[in-house]
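Shown next, in structure tokens, is the structure this report addresses.
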Amino acid sequence: QVQLVESGGGLVQPGGSLRLSCAASGDSFRINAMGWYRQTPGKQRELVATITNGGSTNYANSVKGRFTISRDNAKNTVYLQMNSLEPEDTAVYYCYARELLNTYWGQGTQVTVSS
């Protein structure tokens, strides 16, 4: 089992920045990738960014050039640095961790971009 604890959401003005963190505990040695999804009411959960154990990253087109995903393997923690935030980025952001046969989810953290 893997437990994920997220932090860092909040309210920010358009053009501002936030950094989300997600710490993994438990049987984290089986994790091969971590990342972030986001969801708004009435819409499907959308992949935002992924980072593999080898450091390969992948981003949604809508966040490329604005968001950066990184990880600290020693701390089993993944980060999402979000810059130039737009109102369209408002959502609940969910951290995930993927093993060969399982995917684990954090509890979600609200990000609101509004003036």
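Here Arg38 fulfils each of the conditions (1) basic (Lys, Arg); (2) touching a residue at least 24 places away in the same chain (Cβ under 8 Å); (3) out of contact with any strand residue (DSSP E or B) (no Cβ under 7 Å at 6 or more places or on another chain) apart from (3). Within region 69-95, the residues that satisfy the criterion of being under 15 Å from Val5 (Cα atoms) and out of contact with any Leu (no Cβ under 8 Å at 6 or more places or on another chain) are Arg71, Asp72, Lys75, Asn76, Thr77, Val78, Val92, Tyr94. Within region 64-85, the set of residues being of a type in the set (Ser, Thr, Tyr) and either at pLDDT below 95 or part of a strand (DSSP E or B) (or both) comprises Thr68, Ser70, Thr77, Tyr79.
Can you tell me which residue within region 12-34, out of those that are farther than 13 Å from Gln81 by Cβ and of a type in the set (Gly, Ala, Ser), is surrounded by the most Cβ atoms within 10 Å (Cβ to Cβ)? Applying the filter and picking the extreme gives Ala24.
Tally the residues that are within 12 Å of Thr77 (Cα to Cα) and either without any contact (Cβ under 8 Å) to a residue 12 or more places away in the chain or assigned to a strand (DSSP E or B) (or both), restricting the search to region 6-28.
Counting residues in region 6-28 that are within 12 Å of Thr77 (Cα to Cα) and either without any contact (Cβ under 8 Å) to a residue 12 or more places away in the chain or assigned to a strand (DSSP E or B) (or both) gives 8.
Look at region 35-60 and say how many of its residues are at pLDDT below 95, under 19 Å from Leu4 (Cα atoms) and open to solvent by less than 60 Å² (accessible area, probe 1.4 Å). So the answer is 1. Regarding Thr77, is this residue over 10 Å from the mean Cα position of the chain (by Cα) and either open to solvent by 70 Å² or more (accessible area, probe 1.4 Å) or among the hydroxyl-bearing types (Ser, Thr, Tyr) (or both)? For Thr77, the condition - over 10 Å from the mean Cα position of the chain (by Cα) and either open to solvent by 70 Å² or more (accessible area, probe 1.4 Å) or among the hydroxyl-bearing types (Ser, Thr, Tyr) (or both) - is met.
The values are calculated or read from the model by the stated rules, or taken from the named source; none is laboratory data. Remember, it's a predicted structure, so these values are computed and weren't measured experimentally. Heads up, the Cβs are rebuilt from the backbone with ideal geometry, glycines too, and the neighbour counts pull from every protein chain shown. All accessible areas refer to the heavy atoms of the entire protein, side chains included, with ligands and DNA or RNA removed. Shrake-Rupley method; radii C 1.70, N 1.55, O 1.52, S 1.80 Å.
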